[in-house]
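What follows is one structure encoded as structure tokens, with my remarks underneath.
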Amino acid sequence: MIIASEFDWFITGLTLTGVLILNVIFVAWVRLYYVSMWYELRDDEMSWKRGVWFRRTGIVPYYRITNLDVIQGPVMRMLGISTLSIQTAGYFWAGCSGDSD
């Protein structure tokens, strides 16, 4: 019969605590990133912002857009969301997720 020593229990507890802390940080980071995403469709252009530590902003006039791709997998369809990829001449941006009304 093998009995774990106090040191083994300490290492196991330390490992589980570390995994728990990393999971909490990951969930918090995903939430902050999701909240930081913003986009606006104006009469003549699309504006967007995203990022938690490093902010990214873009403004794309509609006349520069050459292609739009809407991607939806089975889980995204169940949740009512989609991914919009916008392509322009010399510019590509994928990452605007939102409701798929």
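The values are calculated or read from the model by the stated rules, or taken from the named source; none is laboratory data. This is a predicted model, so every value here is computed, not measured. Virtual Cβ from ideal backbone geometry, glycine too; neighbours counted across all protein chains shown.
Numerical summary
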item: Any pair with Cβ under 8 angstrom, 6 or more apart, that starts in segment 13-30 at a residue that is under 22 Å from Val52 (Cβ atoms) and ends at one that is not hydroxyl-bearing (Ser, Thr, Tyr); result: Trp29/Val52
item: Residue check, Asp44 surrounded by fewer than 10 Cβ atoms within 10 Å (Cβ to Cβ), in contact with a strand residue (DSSP E or B) (Cβ under 9 Å, 6 or more places away or on another chain), at pLDDT 90 or above and not aromatic (Phe, Trp, Tyr); result: yes
